[in-house]
Amino acid sequence: MEENRWFLSVIQNEFRTGKIDLDSTMKLLEKLQMPFDFAHVKHVFKKAIDKRKVHMINIEDFRAIYRTIVHRLEFQELFHIYSPNGKILADTELAEFLKKEQYETEACETTALEIILKYEPIEEVRKRRQMSFEGFIRYMSSEDCSVFKNNHRTVYQDMNHPLCDYFISSSHNTYLISDQLIGPSHLWGYTSALLKGCRCLEIDCWDGSNNEPVVYHGHTLTSKIPFQSVIEVIDKYAFVASDYPIVLSLENHCSCKQQEVMADYLESILGDKLITSAIDDTEFTQLPSPEALKFKILIKNKKVGTIEEGMLRRHLDRHGETEEISDFENMSDEDETDAKAPLYPKSDSSKRKSDQKPSSPPRKKAKMKKIKIAIALSDLVIYTKSEKFVSFAHSLANQKCYENNSIGEVRAQKLVKHSAKQFVSHTSRFITRIYPKGTRTNSSNYNPQEFWNVGCQMVALNFQTPGVPMELQNGKFLDNGRCGYILKPEFLRNRNSTFTPHNVGRYSKPISLSIRLISGHQLPPSNLSKTNKADPLVQIEIYGVPEDQTKKKSSVIKSNALSPRWNETFSFTIQVPELALIRFCVKDEISLVANEFLGQYTLPLLSLSKGYRNVPLLSKDGDNLDAASLFVHVWYY
């Protein structure tokens, strides 16, 4: 028995003294190169030493623990179908499995051999081009068997379209790491967003002492960080996660004097990375592509005049020069209807009776006001000029391709509801940024899906706040190698499109999807459980156009977090698969009315792999729960 020999050869040294404790058990399991959850190992270990005085196990106990956790019944069943003797798979038998069950179409024989060389731990078996059950388990639990398509882990989309043809991973108030009123501002906000592949960062700039601009949430008690430090951190981490361009969205409240300081820092710290002139001299009729702007940083801010005028001034010293432009009260692109919530709301607003229609908040008359912009900063704005959003008709008649709008979530939701077709037409031409309403003082997030549905490129979220909106954001941008840019479907790029999310019409290419939920493995135990148990259930949710929004629930498996089995099949018909995300959410049923979150995984529907697949689970904060997973069979046509 090669498997026995191999197993003993790996572990025997540890048992020289006869017995090992829990700590050594964990170390030994790691040596066997399978992911383990400490809580589960501890629980199984305790069972093995049941009623013994010493907290030690012998070699046989260890083998039993290993088998309990690793030799999963659902894998054995599959293995036995393709292995004639139930002990070994030849490369041809593995190829058969890949073709029939995993829908691998190309060169299965070569793939089978590659898999054997990569996952078979027993050398003699590997040399014979065979796979043992141990190798099969390692393959089935690996990334190669993940529900997320392997070829979507790298950049595979065409990156040569103009910028406005992409969904762009975007963050709101990036400097905050908790709430919007008294929480700390921190450089970690920028570092962590950049490491997650975020490509549009917001910087809220105010005059600081000693002529040094600072970044914080204006008129609140959040702490302040120097603008210079923010730019240094961005410079350091800009292209760690992705090579594609970054947009710095400045919400600029500084005096001209400090705007010039900002411009100096941007140029001196970012150097060649900063886009300070157009990349080619062609007419400005279309934005450049992410490919053409690789490793570049763009400044999004108000601008005086046109790109051409700014470029003519490029080599002159522009210090001390300012110009006035007409704008509303503040200099940001934040919407006047969604102005930043004051720190202490005025008392009359709380008296507003709930019987008033909430759909139309009283609109403050925005006062026009001249604001001064330092030419030095203005001229750094090339392809991303902030332009007040008036109306779709106004944009169509007047807006240039390099002018972008920011629209608050409340106004944007109304536009989705009442003018979806014009909204889609607008986002096929102009980069549009959506941001959370000012009253979300606890940094909560809206559901980004409804704005992706109409083609909004920069749907900005508070990255520091865990929850479903951020899970959708992370799931959507898993795609295309996590590079932060995702090519929009053709019907959201085409300027003559008549698509709307409420009426998908001829743009519907329905998919029939069937998911068999087979089992779970090493699920996080319930916080309430002393015996390492949970009563898990799985909810499978589809997010997309309204017609595709749906949730289906599995039954509850009582007190089993280690290896619950469901064997339940769920079927969905999805009208617009290009916009759909699928979310697997595992919960612990605490009572008939309350469930506790255990883990989730979200991915684009079109990134689903067919066949037998593992679903890696993520924690509330989006971190990998190393050992926890679901096992499913996916099929669609």
### Message
Restricting to region 82-98, count the residues that are surrounded by fewer than 13 Cβ atoms within 10 Å (Cβ to Cβ) and among the aliphatic types (A, V, I, L, M).
### Response
0
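Tell me which residues, restricted to region 446-458, are of a type outside the set (Gly, Ala, Ser) and either over 12 Å from the mean Cα position of the chain (by Cα) or surrounded by fewer than 22 Cβ atoms within 10 Å (Cβ to Cβ) (or both).
Residues satisfying the conditions are Tyr446, Asn447, Gln449, Glu450, Phe451, Trp452, Asn453, Val454, Cys456, Gln457, Met458.
Yes or no, residue by residue, for (1) among the β-branched types (Val, Ile, Thr); (2) modelled with pLDDT under 80:
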{"residue": "Lys300", "(1), (2)": "no, no"}
{"residue": "Leu316", "(1), (2)": "no, yes"}
{"residue": "Lys357", "(1), (2)": "no, yes"}
{"residue": "Lys367", "(1), (2)": "no, yes"}
{"residue": "Ile373", "(1), (2)": "yes, no"}
{"residue": "Gln399", "(1), (2)": "no, no"}
### Query
Only one of these conditions is not met by Gln464: (1) over 16 Å from the mean Cα position of the chain (by Cα); (2) part of a loop (DSSP other than H, G, I, E, B). Which number is it?
(1)
#### Entry: Qualifying positions in region 244-285 - charged (D, E, K, R), closer than 20 Å to Asn404 by Cα and within 28 Å of the chain's Cα centre (by Cα)
Glu251
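For region 259-287: of the residues being closer than 30 Å to Lys372 by Cβ and part of a loop (DSSP other than H, G, I, E, B), which is modelled with the lowest pLDDT?
Phe284
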### Task
Say whether the condition of being within 26 Å of Gly484 (Cα to Cα) and either surrounded by fewer than 14 Cβ atoms within 10 Å (Cβ to Cβ) or at pLDDT 95 or above (or both) is met by at least one residue in region 320-332.
no
### Query
Which ones in region 288-310 are part of a loop (DSSP other than H, G, I, E, B), closer than 19 Å to Cys200 by Cβ and either open to solvent by less than 40 Å² (accessible area, probe 1.4 Å) or in contact with a Gly (Cβ under 8 Å, 6 or more places away or on another chain) (or both)?
Pro288, Ser289, Pro290, Leu293, Lys302, Lys303
### Task
Need at least 3 residues that are surrounded by 18 or more Cβ atoms within 10 Å (Cβ to Cβ) and among the charged types (D, E, K, R) per element, so show me which strands (runs of 3 or more DSSP E) inside region 549-629 make the cut, counting only ones lying wholly within it.
581-589
### Message
Quick check on my filter: what residues within region 199-239 are among the basic types (Lys, Arg) and open to solvent by less than 20 Å² (accessible area, probe 1.4 Å)?
### Response
Arg199
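Report, by residue number, each residue of region 388-434 that is assigned to a loop (DSSP other than H, G, I, E, B) and open to solvent by 60 Å² or more (accessible area, probe 1.4 Å).
Scanning region 388-434 gives Val390, Lys400.
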### Query
Before we move on, is Cys198 hydrophobic (A, V, I, L, M, F, W, C) and touching a Pro at 6+ places or on another chain (Cβ under 7 Å)?
no
### Message
Within region 471-485, does at least one residue satisfy the condition of being under 23 Å from His152 (Cα atoms), surrounded by 20 or more Cβ atoms within 10 Å (Cβ to Cβ) and of a type in the set (Asp, Glu)?
### Response
yes
### Query
Taking Glu541, is it over 22 Å from Leu625 (Cα atoms) and either touching a residue at least 24 places away in the same chain (Cβ under 8 Å) or open to solvent by less than 10 Å² (accessible area, probe 1.4 Å) (or both)?
no
### Task
Among the residues of region 188-236, write down those that are under 18 Å from Thr465 (Cβ atoms) and of a type in the set (A, V, I, L, M, F, W, C).
Trp188, Ala193, Leu194, Leu195, Cys198, Cys200, Leu201
## Note on the structure
In region 96-137, residues that are β-branched (Val, Ile, Thr) and either at pLDDT below 95 or over 33 Å from the mean Cα position of the chain (by Cα) (or both) total 5
### Meets criteria (on the phi < 0 side of the Ramachandran plot and either crowded, with 21+ Cβ neighbours inside 10 Å or free of Cβ contacts under 8 Å to residues at least 60 places away in the same chain (or both)) for Lys509
no
### Query
Pairs, please: C-beta under 6 Å, at least 6 apart or cross-chain, first residue under 16 Å from Tyr265 (Cβ atoms) and in region 213-224, second of a type in the set (D, E, K, R) and assigned to a loop (DSSP other than H, G, I, E, B)?
Val214/Lys224
### Query
Looking only at residues in region 137-188 that are in contact with a strand residue (DSSP E or B) (Cβ under 7 Å, 6 or more places away or on another chain), surrounded by fewer than 21 Cβ atoms within 10 Å (Cβ to Cβ) and of a type in the set (S, T, N, Q), which one is nearest to His217 (Cα to Cα)?
Gln157
### Residue match in region 524-535 (condition: open to solvent by 20 Å² or more (accessible area, probe 1.4 Å), of a type in the set (S, T, N, Q) and assigned to a strand (DSSP E or B))
no
### Query
Among the residues of region 99-110, is there at least one that is under 19 Å from Leu32 (Cα atoms) and surrounded by 17 or more Cβ atoms within 10 Å (Cβ to Cβ)?
no
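The values are calculated or read from the model by the stated rules, or taken from the named source; none is laboratory data. Just so it is clear, the structure is predicted and the values come from calculations on it, not from any experiment. Please note: Cβ atoms are built from the backbone with ideal geometry, for glycine as well, and neighbour counts cover all protein chains shown. Accessible surface is based on the protein model in full, side chains and every heavy atom, while ligands, DNA and RNA are left aside. Shrake-Rupley method; radii C 1.70, N 1.55, O 1.52, S 1.80 Å.
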